[in-house]
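The values are calculated or read from the model by the stated rules, or taken from the named source; none is laboratory data. What you are looking at is a predicted structure, and each value in this text was computed from that prediction instead of being measured. We place every Cβ from the backbone using ideal geometry, glycine too, and count neighbours over all the protein chains shown.
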């Protein structure tokens, strides 16, 4: 999403899916744009296990960048391509009820970082029924009314399960999961739960890939038929995955 040309091609692909009768739902993050804004304001970004540490000041900036900047940019691009897109956040229509993420370790306090407690898909289902493409910023609200920053990969997995989606696709900047993170030729086309747990324990899956893998596993456990991790830096990864027999990225399977 940082490359304007790739971004437009991706939006074109999502729009095409809608035209051919598939109902895409987009969940986006915004790490690079958030970092850029924080750097401009001289606020240091810290991460624990791939998740952003978020104090109150940072939370205000995160919500501004996600909901007011990136979300509306994606919606504007889709509408320019004659798709009907609507941007919402997890705060709208009670979509995401969240709770603060707790590692049971005082040294791992993430601040205003949440995890999904409950998804109410009614608003998203209504938008789909009315012919819109929902574009969702991953922030939610807890029982105390506090706004929480939620990892977009986790939100996508939970939402896919709640919507009983046929397919969940994560786009990242690598070509799937690799046996050796530094060796592009070591990509695995399929990975099962047992292997995933071993790889996580061995440190082969970590950082930003961890929430994606966990989101895939959670979605599969709850009935999503196919989950994939694809490289968003290549041309038309969505079309290749959905409309061809060519294997791209990594597919997550149960044991």
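General observations
- Residues that are part of a strand (DSSP E or B), in contact with a strand residue (DSSP E or B) (Cβ under 6 Å, 6 or more places away or on another chain) and modelled with pLDDT under 90 within the range 215-249 comprise just one, 226.
- For the range 48-58, the set of residues classified as in contact (Cβ under 8 Å) with a residue 24 or more places away in the chain and either buried (at least 18 other Cβ atoms within 10 Å of the Cβ) or at negative phi (or both) consists of 48, 51, 52, 53, 54, 55, 56, 58, listed by residue number.
- Looking across the range 174-196, the residues that are under 23 Å from residue 159 (Cα atoms) and either assigned to a loop (DSSP other than H, G, I, E, B) or free of Cβ contacts under 8 Å to residues at least 12 places away in the same chain (or both) come down to 176, 177.
- Checked against (1) touching a strand residue (DSSP E or B) at 6+ places or on another chain (Cβ under 7 Å); (2) assigned to a loop (DSSP other than H, G, I, E, B); (3) surrounded by 20 or more Cβ atoms within 10 Å (Cβ to Cβ); (4) without any contact (Cβ under 8 Å) to a residue 60 or more places away in the chain, residue 212 meets all criteria but (2).
- Lone qualifier among 168, 148, 163, 159 - being surrounded by fewer than 23 Cβ atoms within 10 Å (Cβ to Cβ) and at pLDDT 90 or above: 163
- The requirement of being closer than 21 Å to residue 215 by Cα and exposed (fewer than 14 other Cβ atoms within 10 Å of the Cβ) is satisfied by residue 118.
Residues are listed down the side, and each one gets a yes or a no for (1) closer than 21 Å to residue 3 by Cα; (2) surrounded by fewer than 18 Cβ atoms within 10 Å (Cβ to Cβ); (3) not assigned by TED's automatic domain parsing to the domain that holds residue 25:
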| site | (1), (2), (3) |
| --- | --- |
| 60 | no, yes, no |
| 88 | no, no, no |
| 130 | no, yes, no |
| 135 | yes, no, no |
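- Output for the range 135-151, where each listed residue is in contact with a helix residue (DSSP H, G or I) (Cβ under 7 Å, 6 or more places away or on another chain) and under 12 Å from residue 101 (Cα atoms): 149, 151
- For the range 1-22, the set of residues classified as part of a loop (DSSP other than H, G, I, E, B) and within 15 Å of residue 156 (Cβ to Cβ) consists of 1 only.
- Condition met for residue 207 (in a loop (DSSP other than H, G, I, E, B), within 15 Å of the chain's Cα centre (by Cα) and surrounded by fewer than 18 Cβ atoms within 10 Å (Cβ to Cβ)): yes
- Residue 68 meets each of the listed conditions (1) under 19 Å from the mean Cα position of the chain (by Cα); (2) crowded, with 16+ Cβ neighbours inside 10 Å; (3) at pLDDT below 95 apart from (2).
- In the range 23-47, the residue that is nearest to residue 200 (Cα to Cα) out of those that are in a helix (DSSP H, G or I) and touching a residue at least 12 places away in the same chain (Cβ under 8 Å) is 31.
- Residue that is farthest from residue 107 (Cα to Cα), among those in the range 36-63 that are modelled with pLDDT of 85 or more and under 17 Å from the mean Cα position of the chain (by Cα): 63
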